[in-house]
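The values are calculated or read from the model by the stated rules, or taken from the named source; none is laboratory data. Note that the coordinates shown come from a computational prediction; the quantities given were computed from them, not determined experimentally. Neighbour counts are summed over all protein chains in view; Cβ atoms, including those assigned to glycine, are modelled from backbone coordinates with ideal geometry.
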Amino acid sequence: MWTIAAALALVGCSRHAVYSHYEPIDMEGWERSDTMYFTVTTPRQEGTFATQVHLRINDTFPFQEITLLVHQQHSSTHVTTTDTVSIHTTNHEGHFIGKGLSMLVYTASLGTIQMSTTDTLRVAINHIMRRETINGISDIGFTLKSEN
């Protein structure tokens, strides 16, 4: 019974995801010049969509916070937005606060965007930390969820 309820809860949470993709980070670290690219093409329906960035880290991640630069380019409006996103990875005691066991997942909301069925959204993400190479990150992800 609990298995069915858990499965339904997972389906309910993910049914609004129009796009969700992760890009792996090199095991030797994420260089400041390494940009992660995502291309969201033609949603099945037009409407308002929430945008999110995801970060997967392990226990070798050396910081309490990471700052990312997120560029979004919308094909129909030709508007490019740039957001600076800070993701806190630990609490005040220095303990990781992400969700998961061996890999911890963090999510940051970027806001919403209007898209039609002929639109494309191009997203570029890179870190803007002082250190050139950041270790302990396994993946960067981007999700587009329907608000309708």
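In a residue-by-residue description of region 99-110, the property of being at pLDDT below 95 and among the aromatic types (Phe, Trp, Tyr) applies to no position. Please verify whether region 84-102 includes one or more residues that are under 15 Å from Phe142 (Cα atoms), of a type outside the set (Lys, Arg) and touching a Lys or Arg at 6+ places or on another chain (Cβ under 9 Å). Checked region 84-102: no residue is under 15 Å from Phe142 (Cα atoms), of a type outside the set (Lys, Arg) and touching a Lys or Arg at 6+ places or on another chain (Cβ under 9 Å). Does Thr39 count as of a type in the set (Val, Ile, Thr) and at pLDDT below 50? No.
For Asp34, the criteria (1) under 22 Å from Ile137 (Cβ atoms); (2) in contact with a Ser or Thr (Cβ under 7 Å, 6 or more places away or on another chain) hold in every case but one, which is (2). Look through region 130-148, keep the residues that are among the polar types (S, T, N, Q) and not in a strand (DSSP E or B), and return whichever of them is farthest from the chain's Cα centre (by Cα). Ranking the qualifying residues of region 130-148, first place goes to Asn148. Based on what the data block shows, is Ser102 small (Gly, Ala, Ser) and over 22 Å from Thr39 (Cβ atoms)? When the stated conditions are applied, Ser102 passes them.
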